[in-house]
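To start, the structure under review is shown below, and the notes come after it.
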Amino acid sequence: MKFIILSDIHIGSKKQVPGRTPVDSLHAAVAHINERNADAELCILLGDLTETGSDEEYAALKEALRPLPMPCRMIIGNHDEREGFKRAFPETPVDAGGFAQQVFDAGDFRFVLLDTYWPGNGGGILDGGRLDWLEAQLSAADKPCLLFLHHPPFDSGVPGFEALRLEDRPALQSLVAAHAEKVRALFSGHCHMTVSATVAGRPAFGMRSLFYQIPQDFVNPKLKGSDTAPPAYGVVLTNGTDLTVHSVDFDLPAA
Ligand SMILES: [Fe+2]
Ligand SMILES: [Fe+2]
């Protein structure tokens, strides 16, 4: 099985990135996927779909995703807005608490998508029963689980970025440790950089943004806006229950 990961599109962002807007980048990524990876079974979007969570931004996102031949599953990030997202994508499952969390099977895996949205905060949180929901999913799982969440479940080592971390990361790490035999890998966005880590010994991947990247500055306590690294999307290849994770640079169309 092959699946695609798109992260941190930030539709509506006014950030000045030479040569592209968020919609330009999404169009280029979709064209690249359709040319080279149209055989993927699934596309996962890792949040920060939009910049402010407005209805107009979600409408633009929906329109730009339309040419993709495979189904899309989405989670939200700190730049989204849960109710606006739910209005725009009413088919997206929610849990009993109304959080945009869902679980489904594809290939040999159970996909577990988490909602780390914390209104008014750039960091993430898993309060309100969201961790209990995860615990229940992992306890019930009868196949290897892939976890997806916007905020990384690991310390990036980039101090400026860590100010925006997942608040209850230690509790999540404990939960992964308790179900380590069922958690095959974790995927996150938010970091706007390609980074690999382990969480309770399980592999974890941070994905680059479709729009702008965060400098991998291991000293500066302040987050600098962006660097010149190109946008990328993820391609995950599965071989049984093993995974190969690619970060794919895509060229922008000529102006
Ligand atoms: Fe982001
Ligand atoms: Fe984010």
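Okay, here's what the table says:
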| item | result |
| --- | --- |
| Subset of segment 196-221 [outside any strand (DSSP E or B) and within 20 Å of S13 (Cβ to Cβ)] | M207, R208, S209, L210, F211, Y212, I214, P215 |
| Considering residues of segment 62-87 that are open to solvent by less than 20 Å² (accessible area, probe 1.4 Å) and in contact with a Phe, Trp or Tyr (Cβ under 9 Å, 6 or more places away or on another chain) only, the residue farthest from ligand 2 (Cβ to nearest atom) | M70 |
| Matching entry among L172, L164, L131 (being out of contact with any strand residue (DSSP E or B) (no Cβ under 6 Å at 6 or more places or on another chain) and part of a loop (DSSP other than H, G, I, E, B)) | L164 |
| Residue list for segment 88-97, filter: open to solvent by less than 80 Å² (accessible area, probe 1.4 Å) and touching a helix residue (DSSP H, G or I) at 6+ places or on another chain (Cβ under 8 Å) | A88, F89, T92, V94, D95, G97 |
| Unique match (being closer than 26 Å to S25 by Cβ, at pLDDT 95 or above and either aliphatic (A, V, I, L, M) or within 14 Å of ligand 1 (Cβ to nearest atom) (or both)) among A178, A171, A185 | A185 |
| Filtered residue count, segment 191-212, keeping only those that are within 10 Å of ligand 1 (Cβ to nearest atom) and open to solvent by less than 10 Å² (accessible area, probe 1.4 Å) | 5 |
| Residues (in contact (Cβ under 8 Å) with a residue 12 or more places away in the chain, open to solvent by 50 Å² or more (accessible area, probe 1.4 Å) and in a loop (DSSP other than H, G, I, E, B)) located in segment 242-255 | D251, L252, P253, A255 |
| Matching residues, segment 2-41, being among the polar types (S, T, N, Q) and either away from ligand 1 (no atom under 16 Å from the Cβ) or open to solvent by 20 Å² or more (accessible area, probe 1.4 Å) (or both) | Q16, T21, N34, N37 |
| Those residues of segment 27-53 which are within 16 Å of ligand 2 (Cβ to nearest atom) and either under 15 Å from the mean Cα position of the chain (by Cα) or without any contact (Cβ under 8 Å) to a residue 40 or more places away in the chain (or both), in sequence order | I44, L45, L46, G47, D48, L49, T50, E51, G53 |
| Residue match in segment 130-151 (condition: modelled with pLDDT of 95 or more, open to solvent by 30 Å² or more (accessible area, probe 1.4 Å), in contact with a Pro (Cβ under 8 Å, 6 or more places away or on another chain) and away from ligand 2 (no atom under 14 Å from the Cβ)) | no |
| Failed item in (1) within 15 Å of ligand 2 (Cβ to nearest atom); (2) open to solvent by less than 60 Å² (accessible area, probe 1.4 Å), with R165 passing the rest | (2) |
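The values are calculated or read from the model by the stated rules, or taken from the named source; none is laboratory data. Note that the structure is predicted; figures quoted are calculated from it, not measured. Note: ideal-geometry Cβ built from the backbone for every residue, glycine included; neighbour counts use all protein chains shown. SASA here: full protein model, heavy atoms, side chains in, ligands and nucleic acids out. Shrake-Rupley method; radii C 1.70, N 1.55, O 1.52, S 1.80 Å.
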